[in-house]
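The values are calculated or read from the model by the stated rules, or taken from the named source; none is laboratory data. Keep in mind that what you see is a predicted model, and the values were worked out from it rather than measured. Backbone-built Cβ (ideal geometry, glycine too); neighbour counts: all protein chains shown.
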Amino acid sequence: MIFYRYMDFQTHKKQLMKDPVFRKAYKESELEYQIARALIKARLEQGLTQKELAKKLNTKQSVISRVENAKTIPSLSFLKRLADVLHASLQVQFKF
């Protein structure tokens, strides 16, 4: 009989962050993740599907999917259009 030990995400992430290669890749993809997370949250709060949002932006659903799956970093002009369509403000900041 095989037993699997349950591990929550934070514990798993801590273990992965010990690996310098993983840590570097994680930090390099942080911006894409933040954008994806914000877009998903805003889209769901507006009650929109990816397809509906794409139509409002005059783009394809696959573009929304790529952004939400952190496969791309959208342009600033795309983010501005997105904020306008979602009736939201776009904020950019540098954190130190």
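Looking at (1) charged (D, E, K, R); (2) touching a helix residue (DSSP H, G or I) at 6+ places or on another chain (Cβ under 7 Å); (3) surrounded by 14 or more Cβ atoms within 10 Å (Cβ to Cβ), find the lone condition where Lys55 falls short.
Result: Lys55 passes all but (2).
Looking at Leu44, Leu79, Leu48 in this structure, which one is at pLDDT 95 or above, among the aliphatic types (A, V, I, L, M) and in a loop (DSSP other than H, G, I, E, B)?
Residue meeting the stated conditions: Leu48.
Any chance you could count how many residues in segment 49-58 are free of Cβ contacts under 8 Å to residues at least 12 places away in the same chain and under 14 Å from Arg81 (Cβ atoms)?
3
So which of Ile40, Ile35, Ile64 is of a type in the set (A, V, I, L, M), in contact with a Lys or Arg (Cβ under 9 Å, 6 or more places away or on another chain), closer than 21 Å to Val92 by Cα and free of Cβ contacts under 8 Å to residues at least 60 places away in the same chain?
It is Ile64.
For Leu39, are the conditions met, namely being surrounded by 15 or more Cβ atoms within 10 Å (Cβ to Cβ), of a type outside the set (Phe, Trp, Tyr) and outside any helix (DSSP H, G or I)?
No.
Please go through (1) crowded, with 17+ Cβ neighbours inside 10 Å; (2) under 15 Å from the mean Cα position of the chain (by Cα) for Leu86 and return the number of the only condition it doesn't satisfy.
Here Leu86 meets the rest and fails (2).
In segment 51-76, how many residues are among the β-branched types (Val, Ile, Thr), more than 18 Å from Ser29 (Cβ to Cβ) and part of a helix (DSSP H, G or I)?
Residues flagged as among the β-branched types (Val, Ile, Thr), more than 18 Å from Ser29 (Cβ to Cβ) and part of a helix (DSSP H, G or I) within segment 51-76 amount to 2.
When you scan segment 24-38, do you find a residue that is more than 17 Å from the chain's Cα centre (by Cα) and over 22 Å from His87 (Cβ atoms), even just one?
The answer is yes; a qualifying residue exists.
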